[in-house]
Amino acid sequence: MPVCIRVASGETEIKRCCPVLMQLRPHLEAIAMVDQILRQQAAGYMLAYCEAEQVIRAVAGYRYGENLAYGKYMYVDDLVTNSDDRSKGFGKLLFEWLVAAARNKGCEVLCLDSGVQRFDAHRFYLTNRMNIVSHHFCLRLKA
């Protein structure tokens, strides 16, 4: 089965990614998610998706930045494989695409945060040569 990875370039493609993204971000409804992604895209957020047989199998939201800690980096905000498609290689393909895209942009680091309860995701990241390098602390400012 042919598999392709594309960057979502408009509202229609973003909407197609929402059912998979909502598996990672269930607190958002599709309409709100599309609106937020469009706002984030104006600030540099990008949305890539892995598609096979005209079905979105995995989705990644990412952005580029530069800071004193990492130099140039790619930060992956969202990385999720459709629940029915896990362990079929789609997530790995998308992850490898992200690594190549980061290298092509001259990034020194690809980084992401993962909820402490996401043990299957942690196994995936460790298998793909990622290291746990820090704790991420948050202070919720809105109830």
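General observations
- Search result, residues across segment 45-73 that are within 25 Å of ASP85 (Cα to Cα), of a type in the set (Gly, Ala, Ser) and over 9 Å from the mean Cα position of the chain (by Cα): ALA52
- Enumeration of residues in segment 79-95 that are crowded, with 18+ Cβ neighbours inside 10 Å and either of a type outside the set (A, V, I, L, M, F, W, C) or part of a loop (DSSP other than H, G, I, E, B) (or both): THR81, ASN82, GLY91
- Where SER87 falls short, out of the listed (1) among the polar types (S, T, N, Q); (2) on the phi < 0 side of the Ramachandran plot; (3) free of Cβ contacts under 8 Å to residues at least 12 places away in the same chain: (2)
- Among (1) touching a helix residue (DSSP H, G or I) at 6+ places or on another chain (Cβ under 6 Å); (2) in contact (Cβ under 8 Å) with a residue 40 or more places away in the chain - the single one ALA58 does not satisfy: (2)
- Taken as a whole, the structure leaves LEU98 outside the set of residues that are surrounded by 17 or more Cβ atoms within 10 Å (Cβ to Cβ), out of contact with any helix residue (DSSP H, G or I) (no Cβ under 9 Å at 6 or more places or on another chain) and touching a residue at least 60 places away in the same chain (Cβ under 8 Å).
- The criterion of at least 1 residues that are of a type in the set (Gly, Ala, Ser) is met, among strands (runs of 3 or more DSSP E) falling completely within segment 3-68, by 46-52, 55-67.
- Subset tally (residues that are in contact with a Phe, Trp or Tyr (Cβ under 9 Å, 6 or more places away or on another chain) and either more than 22 Å from THR127 (Cα to Cα) or not in a strand (DSSP E or B) (or both)) for segment 69-78: 1
- The one condition from (1) under 21 Å from MET130 (Cβ atoms); (2) surrounded by fewer than 12 Cβ atoms within 10 Å (Cβ to Cβ) that VAL59 does not meet is (2).
- Within segment 107-138, the only residue that satisfies the criterion of being under 16 Å from the mean Cα position of the chain (by Cα), exposed (fewer than 15 other Cβ atoms within 10 Å of the Cβ) and closer than 15 Å to LEU94 by Cα is ASN128.
- Test: ARG103 is of a type in the set (Lys, Arg), assigned to a loop (DSSP other than H, G, I, E, B) and out of contact with any Phe, Trp or Tyr (no Cβ under 8 Å at 6 or more places or on another chain): no
Values in this text are rule-based calculations from the coordinates and carry no lab data. Please read all numbers here as calculations on a predicted model, not as lab measurements. Note that each Cβ is placed from the backbone with ideal geometry, even for glycine, and that neighbours are counted across all protein chains shown.
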